[in-house]
Amino acid sequence: MSTLTEVASGYQAGRTLPLRVELARQLKRRRTLVMGAVLAVLPFVLLIAFAVGGDPGGRNNQVTLMDTATASGANFAAVNLFVSAGFLLVIPVALFCGDTVASEASWSSLRYLLAAPVPRARLLWSKLVVALGMSLAAMVLLPLVALAAGTAAYGWGPLEIPTGGALDTGTAAQRLLVAVAYVFVSQLVTAGLAFWLSTRTDAPLGAVGGAVGLTIVGNVLDAVTALGHWRDFLPAHWQFAWADAVQPRPEWSGMIQGTALSITYALVLFALAFRGFARKDVVS
């Protein structure tokens, strides 16, 4: 009886399922390695495309960010961020956040974690923090590899602005950091959707696919101009607002509105996930 008392008195819920343990488990998974490889390879695919197709140039007397891709390593990193922010970077966020709880249920290990005993809120918190951390790492990995590859191929120089002018290398690095941070914040809605669905289903593909699908629906609705100002309430409407940061005089209003909207939606979805999982009958 004294032994049981000692074990109970030494139990601390805050020490169950440490973040380092959950992080190590997720890093060893094959899907993490595959996703990291895909993001690291993309810049080299674009390098090959530019080498085969030639340097991009302005069309119809209009110069876009894509047309300045080979101007410097900073420009190449910005182009990689531009072509991937709308869809490619959605996938790792949906994968890391949507697979984390549902995969445990599909392996029938979720109930054993809760029987450890790991409090439900602690389990979700550990998984959410690690999933968001890995999503942020994915956001950083792509432009970082692109910056290194672009600098090796096109040289280290200022970030040329399509509308005219340029940002010196120090300022360009700071603005790209702001852009990456904003892209991550704008993806919090996808993270919230995926995490909430992950607590509602035992099928990881259902949670991941559902989050990606709903994100695509949001992008489609944003393209419907007939919706008018209603599009301002769609997270997809502000996903490219980070481009305002890579201007000679940055404009912050779009990023502020997008950040407020994304965080609001994300907090609601995370709250629904915690509330629903606290009452869920876990049988797998």
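A few comments on the model shown:
- Among Gly170, Gly218, Gly36, the largest mean-square fluctuation in a Gaussian network model of the chain, built with springs joining Cα atoms closer than 10 Å, belongs to Gly170.
- Projected label distance in nm at Ile263 and Lys28, using a 7 Å step from Cα toward the beta-carbon: 3.7 nm
- For segment 219-235 versus segment 111-179, the gap between their alpha-carbon centres in whole angstrom: 27 Å
- Selection of chymotrypsin sites (Phe, Trp or Tyr not before Pro), segment 64-156, meeting DSSP coil and at most 13 other Cβ within 10 Å: Phe87, Trp107, Trp156
- Long-range HN-HN contacts of Gly157 with modeled amide H, under 5 Å: Gly73, Ala74
- Segment Leu177-Leu214, length gained on full extension (0.36 nm per residue, minus Cα span): 10.6 nm
- Whole-number accessible area per residue in Å² for segment 108-247, which is evaluated in the context of all protein chains at 1.4 Å: 45 Å²
- Gain upon complete extension [Trp107, Phe233; 0.36 nm per residue less C-alpha separation]: 41.6 nm
- Stretchable slack from Ala37 to Leu88, in nm (0.36 nm times residue separation minus alpha-carbon distance): 17.1 nm
- Listed residues Ala77, Ala131, Ala173, most fluctuating in the chain (Gaussian network, C-alpha, under 10 Å): Ala173
- Residues with amide H under 5 Å from that of Ala166, placed H, sequence gap 5 or more: Ile161
- Highest GNM mean-square fluctuation among Thr215, Thr264, Thr70, for the chain modelled with Cα contacts below 10 Å: Thr264.
- 222 nm mean residue ellipticity, helices alone, for the chain (DSSP H n ≥ 4; -39,500 (n - 2.57); rounded to 500): -22500 deg cm²/dmol
- Accessible carbon and sulfur surface of the chain relative to its total accessible area, %, 1.4 Å: 67 percent
- Separation in nanometres of the label points that stand 7 Å from Cα toward Cβ, at Arg249 and Arg279: 5.3 nm
The values are calculated or read from the model by the stated rules, or taken from the named source; none is laboratory data. This is a predicted model, so every value here is computed, not measured. FYI the Cβ positions are ideal-geometry reconstructions off the backbone, even for glycines, and counts take in every protein chain you see. Side chains included, ligands, DNA and RNA excluded: accessible areas come from the protein's heavy atoms. Shrake-Rupley method; radii C 1.70, N 1.55, O 1.52, S 1.80 Å.
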